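Okay, so here's the structure we're looking at.
None of the figures in this text is laboratory data; all of them are computed from the coordinates on show. None of these values were measured; they are calculated from a predicted model. Glycine gets a Cβ as well: all are built from the backbone with ideal geometry, and neighbour counts include every protein chain shown.
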Ligand code: KIV
């Protein structure tokens, strides 16, 4: 397989192809995503909730992200892998943000970083892209700001906040971002932003007009108890895994497993 780069993604976008992004958090998942032809992988800080047992993304550390991203890279050497900058790894200062983004790129083999925020991060995005670090923006619902917003709410329902989402998207594009995640904005706003930009919008809960879609792999595979409205269960692996493990436990207890076939 040929290495997927920012140019590959830009060509697919220019050709009018819908871009497919999915989160991945380990080598097994990235290998499966690559085999399925997913265009690019996000090692999201959602790992905090999906794999680390936290209630939200705020406790996720640089070390968590470095470890998961390196595993994702090992599972899919040719994939385009995006490193999600965790809470407080880029908010404090430009120099700390540059340092953390550099560590992410150098030590994990990530192809790009993603950060939450709009116009207020335009200078940082310009510095990063100027230094050779491709940046994916993330606006609309920003989970790292959940303590300020008071919950996970749809963003851009009124004219003022919709205009802000559009201005943020334009500011990120102007600063050099190669794509922007649009999380949980009304479909009409997703369309408006997508039409206004000449870089891809990658929607999650932002309707069908976005240039592409991103979803959390555990939601797609039915690995968690709850499936959010923006997602669709394409499999019910949680149930299948529990059944398989019950089967295994039963056979160990009954003495049916292991057999001669499993022994030397
Ligand atoms: O962390 C994550 O998984 C994300 C996606 C929901 C876009 O940021």
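For the chain, the longest principal axis of the C-alpha atoms and the axis of helix 187-196 are separated by about 60°.
Taking the fewest neighbouring Cβ atoms within 10 Å as the starting point, the ordered list for 54, 248, 90 is 248, 54, 90.
Between 229, 11, 153, the Gaussian network model of the chain with springs among Cα atoms under 10 angstrom shows the greatest mean-square fluctuation at 229. With Rh defined as the Kirkwood radius, the inverse of the mean 1/r over Cα pairs, the Rg/Rh of segment 107-264 is 1.19.
Applying 1/(1 + (r/R0)^6) with R0 = 45 Å to the Cβ-Cβ distance of residue 208 and residue 74, what FRET efficiency is obtained, to the nearest 0.05? Given R0 = 45 Å and the Cβ-Cβ separation, E is 0.85. Share of pairwise Cα-Cα distances greater than 12 Å in segment 204-251 is 65 percent (whole percent). Set the Cα radius of gyration of segment 25-75 against 2.2 N^0.38 Å, with N its number of residues, and you get 1.13. Sorted largest first, the spans of the alpha carbon positions of the chain along the three principal axes are 66, 39, 38 Å. I want to verify the translational diffusion coefficient of segment 172-264 in µm²/s; compute it with Stokes-Einstein, Rh as the Kirkwood radius over Cα pairs, at 25 °C and 0.890 mPa s. The estimated diffusion coefficient comes to 149 µm²/s. Per-residue ellipticity at 222 nm from helix content only, as computed over the chain with -39500 (n - 2.57) for each DSSP H run of at least four residues, stands at -13000 deg cm²/dmol. When a/c reaches 1.5 or more, the comparison of a/b and b/c decides; with that in mind, is segment 107-179 rounded, prolate or oblate per its Cα gyration tensor? Note, shape of segment 107-179 comes out oblate. When the alpha carbon coordinates of segment 11-121 are projected onto the principal axes, the ranges are 37, 33, 27 Å, largest first.
The Cα-based radius of gyration and maximum Cα-Cα distance (Dmax) for segment 134-218 are 11.9, 34 Å.
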